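Each remark here refers to the structure printed beneath this line.
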Amino acid sequence: MASVSFRGVEKNFGRFKVIHGISFDIADGEFVVLVGPSGCGKSTLLRMLAGLEPISGGEIDIDRRVVNDVDSKDRDIAMVFQSYALYPHMTVRDNMGFSLRLRKADTSMTAQRVDDAARILNLTQLLDRYPRELSGGQRQRVAMGRAIVRDPKVFLFDEPLSNLDAKLRVAMRAEIKALHQRLKTTTVYVTHDQIEAMTMADRIVVMHDGIVEQIGTPLELFDRPGNLFVAQFIGSPA
Ligand code: ADP
Ligand code: MG
């Protein structure tokens, strides 16, 4: 687990400023959802935290250490994307163990971690299958499995459910929450879906055009939206 802090974080793409000095803190073990309309900067903020995108100004801390110059692979963070990004020519087992093998982890430890993750995610029966033999929900669970075998300090999710149909989406929300209850890993979860945010978050960060409009628990945002944008965004149907 870890705490995360954004302090005056900025991002420019060329002359175009997309993140305008964002500051907030995430507590150890918290499940925080970044929500806002498409293009508001959610993925960019997440990618800067993961070290996949350099930051243009300000500072990001993980466990009170500035990580601005820390390479992505040294940040102890695992990210789950919308596109499952599984390796098509590898079995579920090999997909899940890949990042550990890449880090030269011991073979028997890798096998143990993969088995444990498979049990948690109900993938034990599927370990010898290939991605093409799985349903969308199963593939998404494998993508989560790949993240949890590394036992990272922070999980990042970028719209992980947006390729799934509505019914499966609801089921997977519950699975991700159950996983968090169990592992208590600090989580930053990005979605443009305010219902998803309201049902999953300990706290919600509402973003709009590269700024934070409001931060609060789902109940706080629902009861006391800070401005018209938040009121309309939270109140609008999915
Ligand atoms: P969100 O995830 O909330 O939909 P993004 O973080 O992807 O938003 O994008 C925020 C803004 O940054 C958008 O205007 C987008 O067009 C722009 N942007 C994102 N990535 C790049 C890039 N690599 N180069 C230029 N502009 C980008
Ligand atoms: Mg995005």
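Tabulated data for the structure shown
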item	result
Cβ-derived FRET efficiency at R0 30 Å, N227 paired with N68, nearest 0.05	0.45
Debye, to nearest 20: dipole size of the chain, +1 on Lys, Arg Cβ, -1 on Asp, Glu Cβ	580 debye
Alpha carbon centroid spacing (whole Å) that separates segment 164-238 from segment 62-100	23 Å
L183 versus S108: modelled label distance in nm, points set 7 Å from Cα along the beta carbon direction	2.5 nm
Over 27 Å between alpha carbons, listed pairs K153/K177; K11/K167; K42/K153; K104/K177; K104/K153; K11/K177	K11/K167; K104/K177; K11/K177
Mean shadow area of segment 125-195, taken as a quarter of the surface of its Cα convex hull (nm²)	5.3 nm²
More than 20 Å apart - percent of Cα-Cα pairs taken over segment 1-160	54 percent
Environment charge of N68, counting only residues whose C-beta is closer than 15 Å and scoring Lys/Arg +1, Asp/Glu -1	-2
Computed [θ] at 222 nm, helices only, for the chain once each DSSP H run of length n ≥ 4 contributes -39500 (n - 2.57)	-11000 deg cm²/dmol
Fraction of beta bridges assigned by DSSP in the chain that are antiparallel (%, nearest 5)	55 percent
Label-to-label distance, nm, for residues given as S162 and K17 (7 Å Cα→Cβ offset)	2.5 nm
Around P131: net Lys/Arg minus Asp/Glu count, Cβ-Cβ under 13 Å	+3
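Bear in mind these aren't lab numbers, they're just calculated from the coordinates by the rules spelled out. As the structure is a prediction and not an experimental result, all values here were calculated from the model. Virtual Cβ from ideal backbone geometry, glycine too; neighbours counted across all protein chains shown.
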